[in-house]
Amino acid sequence: MTESFPERLQSLTAERGQLCVGIDPHLSVLEAWGLPATVEGLEKCVRAMLDATVGAVAVVKPNSAAFEVFGAAGIAVLERAIAELRESGVLVLLDVKRGDIGISMDDYARAYLEEGAPLSVDAITVNPFLGIGSLKPAMERARDNGRGLYVLCRTSNPEGGQVQTAWAGKYSVAERMVQEVLEANRPDIFGPFGLVVGATLPELDVDLAEFNGSILAPGIGAQGATLEGVRELFGELYPKVLPTASRAVMQSGPDVSALAEAIDALRG
């Protein structure tokens, strides 16, 4: 029987800690590292990040958009990086924020959540703007294949609050996301469907006390959040949280040892 995503996640974070490291090889990063804005520059950047993260962290979060800039060749780099990470035992959480309906959502799920697919990963980020029900094909494939989803809920970007804190009946949009994902995880005590809740929030304005999944908390470092701040923000919920740092690590490149030191420093 395939080990579930929550089982793999809990096992690896117990061993390596909860810090999730993002691989965001944006053009600005390549420039800062003295690399050309080419596929070759992308490959060198990603190679350094792989060398710094493999065996050191439980979860790595590549940003798909940074690879897509380079077209098919960039996607090929992403495909190879995913394969290497997964073969080495690192969980890959691909940041793609997909959201669609019906067969299109199912095709996205096939692309990322089916074993043997070229871009098969352990989990992806998804966008619920079309309604939680629109994510059903991805939820079904995630459960069937031992994979996970992270649903955007209360994100780290300041603009997000305009929509996410708007009231829809008795609850805010973000609160409704919490309730819907909680229900989708039942009857599991710790289910395969998580939430994205920004580490940069001044206060936790959604009720996560009963939430039965993992919480991805981006924003450590460059966006201003600290590990201590995340512990304070989430309190007793912290064991469920994956504090996430991308630019805060990559600004230490291109030297692999410096990247590894940055990861260790953020790990706390």
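Filtered by the rule that a residue be in a helix (DSSP H, G or I) and either of a type in the set (S, T, N, Q) or farther than 18 Å from SER134 by Cα (or both), the range 156-174 gives PRO158, GLU159, GLY160, GLY161, GLN162, VAL163, GLN164.
In the set ASP207, ASP255, which member is touching a helix residue (DSSP H, G or I) at 6+ places or on another chain (Cβ under 7 Å) and charged (D, E, K, R)? Checking each option against the conditions leaves just ASP207. Pairing residues of the range 9-23 that are on the phi > 0 side of the Ramachandran plot with residues that are of a type in the set (Val, Ile, Thr), at Cβ distances under 8 Å and at least 6 apart in sequence or on separate chains, gives GLY17/VAL57. Say whether the condition of being of a type in the set (Phe, Trp, Tyr) and touching a Gly at 6+ places or on another chain (Cβ under 8 Å) is met by at least one residue in the range 112-121. For the range 112-121, residues of a type in the set (Phe, Trp, Tyr) and touching a Gly at 6+ places or on another chain (Cβ under 8 Å): absent. Criterion first (crowded, with 21+ Cβ neighbours inside 10 Å and either modelled with pLDDT under 95 or more than 18 Å from GLU7 (Cα to Cα) (or both)) does LEU113 satisfy it? Taking the combined requirement at face value, the residue does not satisfy it.
Any chance you could count how many residues in the range 175-215 are in contact (Cβ under 8 Å) with a residue 60 or more places away in the chain and assigned to a loop (DSSP other than H, G, I, E, B)?
Pass one, the range 175-215, residues in contact (Cβ under 8 Å) with a residue 60 or more places away in the chain: 188, 190-192, 194, 196, 213-214.
If we keep only those that are assigned to a loop (DSSP other than H, G, I, E, B) too, we end up with 188, 190-192, 213-214.
The number of residues fulfilling the criteria is 6.
Which count do you get for residues in the range 185-204 that are out of contact with any Lys or Arg (no Cβ under 7 Å at 6 or more places or on another chain) and surrounded by fewer than 22 Cβ atoms within 10 Å (Cβ to Cβ)?
So the count comes out to 10.
Of the residues making up the range 119-152, just one is part of a helix (DSSP H, G or I), among the aliphatic types (A, V, I, L, M) and surrounded by fewer than 20 Cβ atoms within 10 Å (Cβ to Cβ), namely ILE132. Here GLY219 passes the criteria (1) farther than 19 Å from ARG16 by Cβ; (2) more than 14 Å from the chain's Cα centre (by Cα); (3) crowded, with 22+ Cβ neighbours inside 10 Å except the one numbered (2). Cβ-Cβ distances below 6 Å connect no pair with a first residue in the range 148-171 that is touching a residue at least 24 places away in the same chain (Cβ under 8 Å) and farther than 30 Å from ALA111 by Cα, a second residue that is aliphatic (A, V, I, L, M) and surrounded by 14 or more Cβ atoms within 10 Å (Cβ to Cβ), and a separation of six or more residues or different chains.
So in the range 39-53, with the set limited to residues that are farther than 21 Å from THR125 by Cα and in contact (Cβ under 8 Å) with a residue 12 or more places away in the chain, which one is surrounded by the fewest Cβ atoms within 10 Å (Cβ to Cβ)? Step by step, filter the range 39-53, then rank; the result is ASP51. Go through (1) among the hydrophobic types (A, V, I, L, M, F, W, C); (2) touching a helix residue (DSSP H, G or I) at 6+ places or on another chain (Cβ under 9 Å); (3) under 25 Å from LYS240 (Cβ atoms); (4) not in a helix (DSSP H, G or I) for ALA37 and report which single condition fails. ALA37 satisfies every listed condition except (3). Report yes if ASP100 is in contact (Cβ under 8 Å) with a residue 24 or more places away in the chain, part of a helix (DSSP H, G or I) and either of a type in the set (Gly, Ala, Ser) or surrounded by fewer than 21 Cβ atoms within 10 Å (Cβ to Cβ) (or both), otherwise no. No. All conditions in (1) acidic (Asp, Glu); (2) assigned to a helix (DSSP H, G or I); (3) buried (at least 20 other Cβ atoms within 10 Å of the Cβ) hold for ASP95, with the sole exception of (2). The number of residues in the range 233-265 being among the acidic types (Asp, Glu), part of a helix (DSSP H, G or I) and over 24 Å from GLY191 (Cα atoms) comes to 2.
The values are calculated or read from the model by the stated rules, or taken from the named source; none is laboratory data. Here the structure is a predicted model, which means the values were calculated and not measured. Positions of Cβ are backbone-derived with ideal geometry, glycine not excepted, and every protein chain shown enters the neighbour counts.
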